[in-house]
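*Asks:* The following block contains the structure, expressed as structure tokens.
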Amino acid sequence: HLTLPGLSLRYKLYDHQLRAIWRIVQTGNTYLDHAVGAGKTLEMIVSSMEQKRLGLISKPMFVVPNHMLEQFANEFQEAYPAARILVADKENFIGDQRRRFVAKAAMNDWDAIIIKQSSFGLIGIKQETADSVSDDMLDELQSALDDADKDDRTTRKKLEAQIEQVKQ
């Protein structure tokens, strides 16, 4: 039932990818735990374009590992050749260019904004926003811990470690 307008015809999505895209569109967030090479990047790209098309989100931002910025941007442009993407590369994120980049990101209608993980922290957000996000994450992790099987020590330890990491 997903029509995916704008997606390049060179892509034929697998059933697991279509299910993941649909779940992301339905829930707004999903943990993608596929093996390497199973198409997680494409799932994120396609689901963001679907959410934008349906009016569920307005300006998706992807914060990617530093070494993957160019690869991610290229894959996005290959998947959606007509997409308007803004990439925080070296030219866009040095000194005063950073302010221009943030203004350009805020003032224009982008299909996606792609930024390196190390650069994301330089943008700066209000402390109350950061606290709100942390509180939401802690609530979700605590709920998952409460629902976890008491005998599943591995899952419980991972959740407890994540809770401690968010608290820092």
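The values are calculated or read from the model by the stated rules, or taken from the named source; none is laboratory data. Because the structure is a prediction, the values reported are computed rather than measured. When we count neighbours, we look across all protein chains shown, and the Cβ atoms used for this are built from the backbone with ideal geometry, even at glycine. With ligands, DNA and RNA removed, areas are computed over all heavy atoms of the protein, side chains included. Shrake-Rupley method; radii C 1.70, N 1.55, O 1.52, S 1.80 Å.
*Asks:* Taking the dipole about the Cα centre of the chain, with the C-beta of Lys and Arg at +1 and of Asp and Glu at -1, give me whichever of Leu32, Val87, Ala148 is farthest to the positive side.
*Replies:* The residue sitting farthest along the positive end of the dipole is Val87.
*Asks:* Still on this structure, I have one more. In whole percent, what relative contact order does region 54-112 give with Cα contacts below 8 Å and a gap of six or more residues?
*Replies:* Computed value for region 54-112: 45 percent relative contact order.
*Asks:* I would also like to ask the following. Order Asp111, Asp96 by their accessible area, 1.4 angstrom probe, all chains in place, largest first.
*Replies:* Ranking Asp111, Asp96 by accessible area, largest first, yields Asp96, Asp111.
*Asks:* For every helix of n ≥ 4 consecutive DSSP H residues, a contribution of -39,500 (n - 2.57) applies; sum these over the chain, divide by its total residues, and give [θ] at 222 nm rounded to the nearest 500 deg cm²/dmol.
*Replies:* On the way: 7 runs with 92 residues, N = 168.
Calculated from helices alone, the mean residue ellipticity at 222 nm is -17500 deg cm²/dmol.
*Asks:* Consider just the alpha-carbon atoms of the chain and return their Rg together with their Dmax, both in angstrom.
*Replies:* When restricted to Cα atoms, the chain yields Rg and Dmax of 17.9, 54 Å.
*Asks:* Going by amide H atoms built from the backbone, whose H comes under 5 Å of the H on Met61, apart from near neighbours?
*Replies:* Ile113
*Asks:* Is the shape of region 75-115 best called rounded, prolate or oblate, per the rule: a/c under 1.5 gives rounded, else a/b larger than b/c gives prolate, else oblate, with a ≥ b ≥ c the square roots of the Cα gyration tensor eigenvalues?
*Replies:* Note, shape of region 75-115 comes out oblate.
*Asks:* Provide the solvent-accessible area of Ser47, counting protein heavy atoms only and rolling a 1.4 Å probe, rounded to the nearest 10 Å².
*Replies:* Ser47 exposes around 0 Å² with every protein chain in place.
*Asks:* Got the relative contact order for the chain handy, in percent, Cα pairs under 8 Å and 6 or more residues apart?
*Replies:* Relative contact order of the chain: 19 percent.
*Asks:* Further question on the same structure: Which of the lysines could a cross-linker span from Lys90 if the Cα-Cα distance has to be under 18 Å and same-chain partners fewer than 8 positions apart are dropped?
*Replies:* Here the lysines satisfying the reach criterion relative to Lys90 are Lys104, Lys116.
*Asks:* Quick check of the Kirkwood formula: for region 93-168, what is the inverse mean of 1/r over all pairs of different Cα atoms, in Å?
*Replies:* It is 15.3 Å.
*Asks:* I've got another one for you. Mind checking which of Glu128, Glu78, Glu91 has the largest fluctuation in a GNM of the chain, springs on alpha carbons under 10 Å?
*Replies:* Glu128
*Asks:* Mind running the shape call on region 1-66? Use the C-alpha gyration tensor, a ≥ b ≥ c as the square roots of the eigenvalues: rounded below 1.5 for a/c, prolate if a/b tops b/c, oblate otherwise.
*Replies:* Numbers: a/c = 1.35, a/b = 1.07, b/c = 1.26.
Here region 1-66 falls in the rounded category.
*Asks:* Stretched out fully, how many nm does the piece from Glu160 to Lys126 gain, at 0.36 nm a residue minus the Cα gap?
*Replies:* In short, 9.6 nm is gained.
*Asks:* Then there's this: Gain in length, Asp15 to Arg99, computed as 0.36 nm per residue apart minus the alpha-carbon separation, to one decimal in nm?
*Replies:* 26.1 nm
*Asks:* While we're here: Between rounded, prolate and oblate, where does region 125-168 land on the alpha carbon gyration tensor, with a ≥ b ≥ c its root eigenvalues, rounded for a/c under 1.5, else prolate if a/b exceeds b/c?
*Replies:* prolate
*Asks:* Once you charge only the Cβ atoms, +1 for Lys and Arg and -1 for Asp and Glu, what is the size of the charge dipole of region 26-119 about its Cα centre, to the nearest 20 debye? Provide the component values of the computation, followed by the final result.
*Replies:* Details: 11 positive and 11 negative charges, 81 e Å.
I would put it at about 400 debye.
*Asks:* Still on this structure, I have one more. Would you mind calculating the relative contact order of region 1-64 from Cα pairs under 8 angstrom and at least 6 residues apart, reporting the percent as a whole number?
*Replies:* On the way: 33 pairs, mean separation 18.9, N = 64.
Reported relative contact order: 30 percent.
*Asks:* Where in region 25-101 are there trypsin sites (Lys or Arg not before Pro) that are in a DSSP coil and have at most 15 other Cβ atoms within 10 angstrom of their Cβ?
*Replies:* Sparse-neighbourhood loop trypsin sites (Lys or Arg not before Pro): Arg84, Lys90.
*Asks:* In the chain, with Lys and Arg counted as +1 and Asp and Glu as -1 at Cβ, which of these residues, Phe62, Gln97, Thr129, has the Cα nearest the positive end of the dipole, that is, farthest along it?
*Replies:* After comparing all options, I get Gln97.
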